[in-house]
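First the structure, in the form of structure tokens, and then the observations on it.
The values are calculated or read from the model by the stated rules, or taken from the named source; none is laboratory data. All values derive from a computational prediction rather than experimental measurement. Here the Cβ positions follow ideal geometry from the backbone for every residue, glycine too, while neighbour counts run over all protein chains shown.
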Amino acid sequence: MDVCILIPTLNEEKTIGDVIDGFKRLGFNNIVVIDGGSTDKTREIAKERGAKVLIQSGKGKGRALKEAFEIIDNDVVVIIDGDGTYLPEDCYKLINEIEKGADHVIGNRLSNFEKGAFTKLNLIGNKILNFIFRVTYGVDLYDILSGYRALTKSVYKSIELRKTGFEVETELTVESLSKGFKVVEVPINYRKRVGKTKLRPFRDGIKIMLSIYELLKRYSPGRYFYFLGAILTLVGLLLGIYVTLEWFKGISHFLLAVLTTLLIILGLQILILGIMCDLIFRSNLQIRRDLKIIEDEIKKLQSK
């Protein structure tokens, strides 16, 4: 396979050389480092080790990946962080799944991580966010925040990235799912990071959690409206119970009763809108999947 190793970096001079050397030893020579404005010797070391170095125009990992995807034109791109937490050797696990028919492969760090690789807070936060994702999207994925991935050309050329920070991994996953691509996970190793992490647990955790809900519009608009409609309806019902109990006591809340009615009606209307959106979206998704199957069959025939 024509594979490109893509490494987004920001001040990784202590580890970038070892990461590049690791892939070189495995026979991967097409290595691209896209740098987000490092102030250390990350770019110089990357060039010395034989990698092609690009400098992104904006800030953030999401911006880096978006710009890199526009330039790269290989059959498969393997994305890996430059902080030395991932093993180059594990890329074979990801590529093997691509060869078996997957479109987007995620390396699951939580299956085998070194002691100290996660703080207790980060580990708990990861598990909570992944649980929320599984429940919300109804897919069996356990590490959507992993930075080790393999994408086929059809995936990375078609997805639309708008997030700039650590939410980009979630967006990559949702975009692939929403466009009908096959997303799978494989267990990988995860090592303790050298130096300080750039992750801010509370702030970035909240951003990721909000993104999980916001991105639901792309994956399943119906579910997005279901949550909103259910909340409004529930609030309306609770207020209705309160107004009714107060009425039995001889206390009337006319304005609150009007608000209760409006909330329930609005909530039910949004739920109905969600059902309609879900039906339309699922039909479109099935059409996309059928078209992809036809495209794959045509490619097979052409190759013969």
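If I filter segment 175-191 for residues that are free of Cβ contacts under 8 Å to residues at least 60 places away in the same chain and assigned by TED's automatic domain parsing to the domain that holds L10, do I get at least one hit? Yes: one or more hits.
Of all the listed residues (I212, I208, I159), the sole one being assigned to a loop (DSSP other than H, G, I, E, B), buried (at least 18 other Cβ atoms within 10 Å of the Cβ) and among the β-branched types (V, I, T) is I159.
Out of G222, G274, G229, G240, which single residue is out of contact with any strand residue (DSSP E or B) (no Cβ under 8 Å at 6 or more places or on another chain), touching a residue at least 12 places away in the same chain (Cβ under 8 Å) and either over 29 Å from L172 (Cβ atoms) or among the polar types (S, T, N, Q) (or both)? Explain how you work it out, then say what you get.
On the way: G222 fails: either over 29 Å from L172 (Cβ atoms) or among the polar types (S, T, N, Q) (or both); G274 fails: either over 29 Å from L172 (Cβ atoms) or among the polar types (S, T, N, Q) (or both); G229 fails: either over 29 Å from L172 (Cβ atoms) or among the polar types (S, T, N, Q) (or both).
Only one candidate passes the filter, namely G240.
Residue by residue, here is whether (1) modelled with pLDDT under 95; (2) part of a helix (DSSP H, G or I); (3) polar (S, T, N, Q) holds:
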| site | (1), (2), (3) |
| --- | --- |
| A117 | yes, no, no |
| N122 | yes, yes, yes |
| G125 | yes, yes, no |
| V139 | yes, no, no |
| D143 | no, no, no |
| A150 | no, no, no |
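Cβ-Cβ contacts under 6 Å between residues 6 or more apart (or on different chains), taken from a first residue in segment 34-51 that is closer than 9 Å to L10 by Cβ to a second residue that is among the hydrophobic types (A, V, I, L, M, F, W, C) and in a loop (DSSP other than H, G, I, E, B), are listed as G36/L10; S38/L10. Restricting segment 75-103 to residues that are touching a Phe, Trp or Tyr at 6+ places or on another chain (Cβ under 9 Å) and not hydrophobic (A, V, I, L, M, F, W, C) leaves a set whose member that is farthest from A64 (Cα to Cα) is D90. Looking across segment 39-61 at every residue that is in contact with an Asp or Glu (Cβ under 7 Å, 6 or more places away or on another chain) and not hydrophobic (A, V, I, L, M, F, W, C), the one that is surrounded by the most Cβ atoms within 10 Å (Cβ to Cβ) is identified as T42. Would it be correct to say that I124 is more than 25 Å from K292 (Cα to Cα) and either assigned by TED's automatic domain parsing to the domain that holds F227 or out of contact with any helix residue (DSSP H, G or I) (no Cβ under 7 Å at 6 or more places or on another chain) (or both)? In short, yes.
Listed by first and then second residue, the pairs linking a residue in segment 88-100 that is at pLDDT below 95 to a residue that is assigned to a loop (DSSP other than H, G, I, E, B) and surrounded by 18 or more Cβ atoms within 10 Å (Cβ to Cβ), with Cβ atoms under 7 Å apart and 6 or more places separating them unless they lie on different chains, form an empty list.
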